[in-house]
Amino acid sequence: MEFIKETNPIPDLRVKIGSLSLDNPVMTASGTFGYAREFERLMNLHRLGAIIVKGISLHPRHGNPPPRIVETACGMLNAIGLQNVGVERFIKDKMGFLGNLNVPIIVNILGDSLDEYREITERLGDSPAVAAIEVNISCPNVKKGGVAFGTDPAMAAAVTQAVKEKSPVPVIVKLSPNVTDIAAIARAVEDAGADAVSLINTLIGMAINLKTRRPELANVVGGLSGPAIKPVALRMVYQVARAVNIPVIGIGGIETAEDALEFMLAGATAVQIGTANFINPRASEEVVEGITEYVLQENLPSVRDLIGALRVD
C-alpha cells in the first residue's frame, strides 16, 4: 500500500494595491528599515510583501541635531528630520542592491514644493526596480509659509496630482493623523488620482527631562510611534476605509500578526511594520508567518476575506 505524505496547503496571502500585486500584505514602514541592506543578515527579505525605503528628498538632508530619539511609555519619539542621501545618490548607490531583491520596492518621497515632488518622481520613473511611490505629505510647503501639505485637502490633492502626472507606477499617499478630519484628506487625494492611502504617520508629541528642565529632543517635538498609537491608528483606518474606494494600508503600533489582522478587519488591504523593527529585526517576517498560520487555522480561502470583515452589528 502506498502512503501519500500529507503536506500543509499554501494559503493565499496575495493582495493588490492598485495595479501592484503583493505576495502577502506585510510591508516595512518608511524610516524604520533603512534601505533594506541593513536587515539583509537579520531576516529573509524575500518573505516580505514589499519593502518601503527611507524617505527620499530631491537633495540630501542632514536631519536634526541630536538627541533625536527618546523612548516613551509604550512607544518612542523621533525627530530625525528626514535625513537621507537624496534622490541622485539613492539611485546610484542604493537601487542596485534593491533591484536584485525579489520583492516589490516602494520608494517614499518628500518635498517642500510641488516642483520638488514632480522632479523626484520623474527621476525615479526611469528605474524599473521602483514598483510604487509612497508620498509623504507631512512635509511643509515652503511657498505656503511652512504649512504641511497633509493638513489641507486642497494642498494634499495638489501634491497627489503633481506626483501622478509624473509617475508610471502606482501612487500611495501617506496621511498625517495631525488633522481634524483624516477622512476628508483621504477623499481629496483619492479624487486627485491616488491609487491607495497609507495611514497613519506619526503623532506629534514631546517629552521633558525633569533634571535638566529641558525637552528630551533637541527639536523639542517629534513624532510619536509604537504600540501607544495603535488604538488611534486603528480608528482612523476604520474611518478612512469607509470613506474611500481605494486600498488602505494600515500603520501604527503593529508588532504582531494579531495587530496586523485587526487592521485588516478594520478595512486595511495591507499593513506596514515600523517601530517594531527597532526592537525585533525579524518582526515583519514573524507577522507574515503569523498571518499564514491564522489563515490556515481559520480555513480561509484567502487573506482577502478578512479585509473590512469587522462585525459591528
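What follows draws every value from the coordinates through simple rules; no lab data is involved. Every value quoted in this text rests on a predicted model; they were computed, and no experiment measured them. We place every Cβ from the backbone using ideal geometry, glycine too, and count neighbours over all the protein chains shown.
Here is how the numbers come out for the structure above:
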{"read-out": "Met236, Met155 arranged by Cβ crowding within 10 Å, fewest neighbours leading", "value": "Met155, Met236"}
{"read-out": "For Thr72, distant residues with modelled amide H under 5 Å away", "value": "Leu77"}
{"read-out": "In Å, descending, principal axis extents of the Cα set of the chain", "value": "78, 50, 45"}
{"read-out": "Dipole magnitude of the chain about its Cα centre (Cβ charges: Lys, Arg +1; Asp, Glu -1), debye to nearest 20", "value": "1000 debye"}
{"read-out": "Reachable aspartates and glutamates, given that their alpha-carbon falls under 20 Å from the alpha-carbon of Lys164 and they are not under 8 places away in the same chain", "value": "Asp112, Asp115, Glu116, Glu119, Glu122, Asp126, Glu134, Asp152, Glu190, Asp191, Asp195"}
{"read-out": "Within the chain, longest stretch clear of exposed trypsin sites (Lys or Arg not before Pro) (DSSP loop, no more than 11 other Cβ within 10 Å)", "value": "42-210"}
{"read-out": "³J(HN,Hα), Karplus 6.51/-1.76/1.60, whole Hz, each residue of the range 126-136, x for Gly, Pro", "value": "7, 9, x, 7, 7, 8, 6, 10, 9, 9, 7"}
{"read-out": "Relative exposure of Asp93, Asp112, judged by other C-beta atoms within 10 Å (fewest first)", "value": "Asp93, Asp112"}
{"read-out": "For the range 64-76, 3J(HN,Hα) per residue [Karplus equation, 6.51 cos²θ - 1.76 cosθ + 1.60, θ = phi - 60°, Hz, x = Gly/Pro]", "value": "7, x, x, x, 10, 9, 8, 6, 10, 4, 6, x, 8"}
{"read-out": "Dipole magnitude (debye, nearest 20) for the range 178-255, charges at Cβ of Lys, Arg, Asp, Glu", "value": "460 debye"}
{"read-out": "Percent RCO, i.e. relative contact order, over the range 203-260, from Cα pairs under 8 Å lying at least 6 residues apart", "value": "29 percent"}
{"read-out": "In degrees, nearest ten, helix 230-241 long axis to first principal axis of the chain (Cα)", "value": "80 degrees"}
{"read-out": "Options Ile69, Ile246, Asn219, ranked by Cα towards positive dipole end of the chain, top entry (Cβ charges)", "value": "Asn219"}
{"read-out": "Long-range HN-HN contacts of Ile56 with modeled amide H, under 5 Å", "value": "Asn108, Ile109, Leu110"}
{"read-out": "Cα lying deepest toward the dipole's positive end in the chain, options Val107, Phe90, Ala184, charges on Cβ", "value": "Phe90"}
{"read-out": "Inter-centroid distance (Cα atoms) of the range 50-100 relative to the range 19-34, Å", "value": "16 Å"}
{"read-out": "About the Cα centre, charge dipole magnitude for the range 1-137 (Lys/Arg +1, Asp/Glu -1 at Cβ), debye", "value": "240 debye"}
